[in-house]
Every structure is written in structure tokens, then in C-alpha cells.
Amino acid sequence: MSITHSGPAYFERLIEAFRAGQCSRAAHLGHWDQPPENGTGVSADQFAAAQRRLTDQMIARAELVDKRRILDVGCGFGGLLEQVDQQLRGGVLTGVNIDWQQLEICQELRSQHGNTFRWQEADACDLPFDDASFDVLFCVEAMFHFSSRKRFLAEARRCLVTGGRLVVSDFVLTAEPSLPGFAIAAVLQDGYGPWPDPWCEDGTAADLLRDDNWTQIELTDATQATLPSYQFVAPSQLETSNVSDADAATRSVRMLQWLQQRDYLRYEYVTAVKGAA
């Protein structure tokens, strides 16, 4: 397997935590229908449960049935496909990632219900699959890393069958923040990059899907539902006075928290169906 690509800086920390048994296969924020009580904080178990709820949100939007061909682009440690495996029978579950280290972790998974796992190292904007190869395509909290949302969504359209479903979640910076934009971008790139288009100048996922004639486009603003995640992923002891002493990943996640708390950043769930050409 090629070792020419590695993931964002924060994934180095996640890989270490996973290998130490300190986190689950989920590599994204969590979802809360009701926010935790003020001042109680979020434990590791509560965060893992919230991550499962976010994955469940994605899976529910896919309307899965047995014997489907599923593609997860930016598959992380395989957490979403592991949950899909609990619900489907006789499916082919394919995960794509540009980082060989994450794929090595994915390859440890074994189906419990007669599905087939497949793992592929590839660029999300140049997927190595034939046209109409999949019935459902997921991309959970990964699209902001890709070199182009537009090119990725064009690849998703090509790889899906007509009537196939696309389910994604994405960070969207939506307003002019009080801090200089170049400073925000630098902090995000440092620990959460690559992040080529933080202000979605080429269009948000929903915008691009509308422009490309997808059907049944549904957008859910999950900003408040995911905001409690930072009580766990952003260390509370990190104060402004010592932020310069923190590592790149910690600085970036605190920037995400700051942006999301002030409505500069939305977290969106987006679903669409590929229509006829």
C-alpha cells in the first residue's frame, strides 16, 4: 500500500487515541437532541454515544435496504460502515480514504452480518470506480478537506446510480467574523487542514447540488445539535493566555468552537438524490 499520503494533523492524535483504546471508530462531532445540562461537561462515554447518534442521523437519511452497494468517502476508521454493517445484510460496503494509516485501522473490521468490506486508498476528487457503481454515497465531516467540493460532488454523481442517494455533513463558514479572515484560515489550516475553501467561495454543498440538478435536496442545520461536542474535544483548561503553547490541533478545535458559538460557522447535514441526466 502507498505511504505517500497522510491525514490532517488532528488525525495523528486520533490514531494514537484509537490505538490506546481511548476513542471509538467515529472520527467526527456528536449529535445531541437536547443539550447537556450546563456545567456538567461531557464524558468520553457521553461523547461516544453522541457520535453514534450523528452516524445514525446519516444512516437514517440514506434509507438503506439490504444488498446495497455503499460508498463512504473519507471513511476515517470505518465507524459509519461498522454501524451500517449492523443494519444491512448482503451489502458491499466500500470505504475510501487518502490516508493509509486510517485504512490500516479500517482493515481490522470484519462483517458480522454477511456484508463485504472493501477499502481503497484514493483521492475523493478522482474516485477509482466505474460510473453507476454505488446505490448510496456517504461523506461525513470530510468534504471540507477535499481540494474541491465541486469536483467531489461531480465524482459522487458519476459514481451513483440514477436514483442513488448522497448523504453528507459539512462545516460551512457563513459570516464575516470579527477576527481577520486570514488569521482564522491560518489556524484552521495548521491543525485541521487541508481546508482549501473555508468560506465556500465555490458554493456550499447544497448550492452545488442545486446547480447540478440533483433532486430531493434536504438541508438540516445541525449547528446547535453538534455544539456540545466541544465540551469534550476542546480542553477546558486551555485559556487565551496560554493558547500559543497549545499544539496545532488544539488551537484549531478551539477556533472551530469559537466560530460555531458565534454563528460564524454552521454544521450541516445535506441529502440529495441523483436524477436522470
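Bear in mind these aren't lab numbers, they're just calculated from the coordinates by the rules spelled out. Owing to the predicted nature of the structure, the values given are computational and were not obtained by experimental measurement. Positions of Cβ are backbone-derived with ideal geometry, glycine not excepted, and every protein chain shown enters the neighbour counts.
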Inset, instruction - Restricting things to alpha carbons, find the Rg to Rh ratio for the chain using the Kirkwood radius for Rh. - result: 0.94
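Tell me the relative contact order for the chain as a rounded percent, counting alpha carbon contacts under 8 Å between residues six or more apart. Don't jump to the answer; show the numbers that get you there.
Numbers: 522 pairs, mean separation 58.5, N = 277.
For the chain, the relative contact order is 21 percent.
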Inset, instruction - Specify the inter-centroid distance of the stretch 145-164 and the stretch 77-93, based on alpha-carbon positions, in whole Å. - result: 21
Legend entry - Amide H within-cut-off set for TRP119, under 5 Å, with H built and near neighbours excluded: GLY95
Legend entry - Global form of the stretch 1-117, assessed from the alpha-carbon gyration tensor, a/c cut-off 1.5: oblate
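Rounded if a/c is under 1.5, else prolate if a/b is larger than b/c, else oblate: which is the stretch 100-172, with a ≥ b ≥ c the root eigenvalues of its Cα gyration tensor?
Values: a/c = 1.72, a/b = 1.26, b/c = 1.37.
In terms of gyration-tensor shape, oblate.
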Legend entry - Qualifying GluC sites (Glu not before Pro) in the stretch 32-84, DSSP loop, other Cβ atoms within 10 Å at most 16: GLU37, GLU63
Legend entry - ILE217 versus TRP199: modelled label distance in nm, points set 7 Å from Cα along the beta carbon direction: 2.2
Inset, instruction - Determine the gain in length on full extension of the stretch GLN87-ALA276; use 0.36 nm per residue of separation and subtract their C-alpha separation, reporting nm with one decimal. - result: 65.2 nm
Inset, instruction - Specify the angular offset, from 0 to 90 degrees and rounded to the nearest 10, of the alpha carbon long axis of helix 248-261 from the longest principal axis of the alpha carbons in the chain. - result: 90
Legend entry - Of all DSSP beta bridges in the chain, antiparallel share, percent nearest 5: 40
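Where does each of 26-36, 148-158 land if you order them by average Cβ count within 10 Å, highest first? Please list the in-between numbers first.
Working: 26-36: 18.7, 148-158: 20.3.
By packing density, highest mean first, the sequence is 148-158, 26-36.
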Inset, instruction - Could you grab the relative contact order for the stretch 16-111? Cα pairs under 8 Å, six or more apart, rounded to a whole percent. - result: 26
Inset, instruction - Can you tell me the order of 10-17, 217-224 when each peptide is scored by its average per-residue count of other Cβ atoms within 10 angstrom, highest first? - result: 10-17, 217-224
Legend entry - Rounded, prolate or oblate (a/c below 1.5 giving rounded, otherwise prolate when a/b exceeds b/c) for the stretch 160-201 by Cα gyration tensor: prolate
